[in-house]
Amino acid sequence: MTSFRTREVSAAALWLLSATWGAGTPGHDTAPALTRVAAFDLPGPGGKRFDYLTIDPVGKRLFSAHLAANQTYVIDLRNHALLGTIADTPGVEGVEYVPELNKLYTSNSGDNTIGVVDLSQMKVVKKLPTDAKPDGSAYAAPFHKLYVSDERGKAEAIVDVRTDTIVKTLHFDSETGMPQYDPVARKVYVNLQDQNVFAVIDPETDTVVGRYPVGRCEGNHGMTLDPERHRVFLSCEGNHLMTVFDLDTHQPTAFLEMATGPDVIKFDAGLNRVYAACSSGAISIFQIDAQGRPQKIEDFRVQPRVHSLAVDQATHRVYTPEQEEDGRPVARMVVYEVVGRTPLK
């Protein structure tokens, strides 16, 4: 286990950070919703794009795809130590953890494969060929299936994680965006981003059982899910909107502006809050009230070219990787705390 330098932010510095990194929303005159509390270096190289993150809540591990560096990191969330660097993940975009098997699956756009990572060995033990540019992924645990969006291949590859074989590939007339598994409805959702359509897959049969337009949302690439309240939040890359989609009526119910360059979007269930990483240099933050009405809090300023983030549902901390600092190349993970958090009752 290798530990890398961690820069903790002292309590005395928090006010200065809040002032420097404050609100980006016009007319915003209250304290920012997040404050930076730590940052730690990764093996690099600096200046190279990162992509998806995912968290193992039981093992307290963060998995981070360093897309342009062709490697994947395993990080201990308790002390920010690097537990391992996984090689042979060229152009890694998506990362998905399967807890019962202690395996990680990487979407490798560099060689169009799904990498099977044995975390006890910290190495890729198998590769599964896909159509073109595997990207986001989702795990349907009751069905032991992994769903991987082959974005450029306009397909969804379905992996049986017990045998590590692709058991079916669904093809669409659109590039595929981020999928999500709904444990309440027991369905898989996938964005058809060229058509501005939200598709539903039944994992019992692996057939498409619904397709629904997403209204004003253009280029619905990112997706995050609130299964308890039957809604989905979409990141619309084409026109910089955050769209709320009702899973009961199959209709979009709200559209809110985000910062430019929205990409990965995540939901904090305990705070009923949505975060979207925007490559223009912001995290767009939205609060959802108990009646399901969304309100934008702010565009919280971060470094440019931030494409991804993850939310620890236990601590409400937000993790986001940075590839530059004021134009200087870096490779690091930044940690934010929520300011004045009040969990939803």
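Rule-based calculations on the coordinates, nothing more; no lab input. The model shown is predicted, which means the values in this text are computed figures rather than measured ones. Quick reminder, even Gly has a Cβ in these numbers, built from the backbone with ideal geometry, and neighbours come from all protein chains shown.
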* Asked: Roughly how many nanometres apart are two label points built 7 Å out from the Cα toward the Cβ at Asp289 and Val339?
  -> 2.2 nm
* To do: Springs between alpha-carbon atoms under 10 Å, Gaussian network over the chain: tell me which of Val184, Val124, Val98 tops the mean-square fluctuations.
  => Val184
* Asked: For segment 26-157, treating each Cα as an identical point scatterer without solvent, what Debye log10 I(q)/I(0) comes out at q = 0.15, 0.16 1/Å?
  -> -0.71, -0.78
* To do: Give me the distance between the Cα centres of segment 111-180 and segment 260-339, rounded to whole Å.
  => 26 Å
* Where does each of 189-202, 37-50 land if you order them by average Cβ count within 10 Å, highest first? -> 189-202, 37-50
* To do: Return the FRET efficiency for the residue pair Thr165, Val58: r is the Cβ-Cβ distance, R0 is 35 Å, and the value is rounded to the nearest 0.05.
  => 0.85
* Asked: If you put +1 on each Lys and Arg Cβ and -1 on each Asp and Glu Cβ, how big is the dipole of the chain around its Cα centre, in Debye rounded to 20?
  -> 680 debye
* Structure fact -> Given a Förster distance of 22 Å, the FRET efficiency implied by the Cβ-Cβ spacing of Arg186 and Arg211, rounded to the nearest 0.05, works out to 0.75
* Asked: List the GluC sites (Glu not before Pro) in segment 160-263 that DSSP assigns to loop (not H, G, I, E or B) and whose Cβ has at most 14 other Cβ atoms within 10 Å. Which are they?
  -> Glu204
* To do: Work out Dmax and Rg for segment 102-153 from the C-alpha atoms and quote the Rg first, both in angstrom.
  => 11.0, 32
* To do: Kindly give Rg over Rh for segment 6-338, based on alpha-carbon atoms, with the Kirkwood expression for the hydrodynamic radius.
  => 0.94
* Max mean-square fluctuation residue, GNM over the chain, Cα-Cα springs under 10 Å, options Asp299, Asp173, Asp206 -> Asp173
* Gain on full stretching of the segment that runs from Leu101 to Glu218 - 0.36 nm per residue minus C-alpha separation -> 38.4 nm
* Residues with amide H under 5 Å of His221's amide H, sequence separation 5 or more or different chain, H placed in the peptide plane at 1.01 Å from N; which? -> Ser235, Glu237
* Structure fact -> In terms of the charge dipole of segment 6-338, which places +1 on Lys and Arg and -1 on Asp and Glu at the beta carbon, the residue among Leu146, Ala199, Gly44 farthest towards the positive end is Gly44
* Within the chain, which cysteines find no other Cys whose Cβ is under 4.7 angstrom from their own? -> Cys278
* Zero-based 10 Å bins, Cα pair distances in segment 191-243, whole percents -> 26, 50, 23, 2
* **Total charge dipole magnitude, segment 192-345, about the Cα centre, Cβ charges on Lys, Arg, Asp, Glu only, Debye to nearest 20** => 400 debye
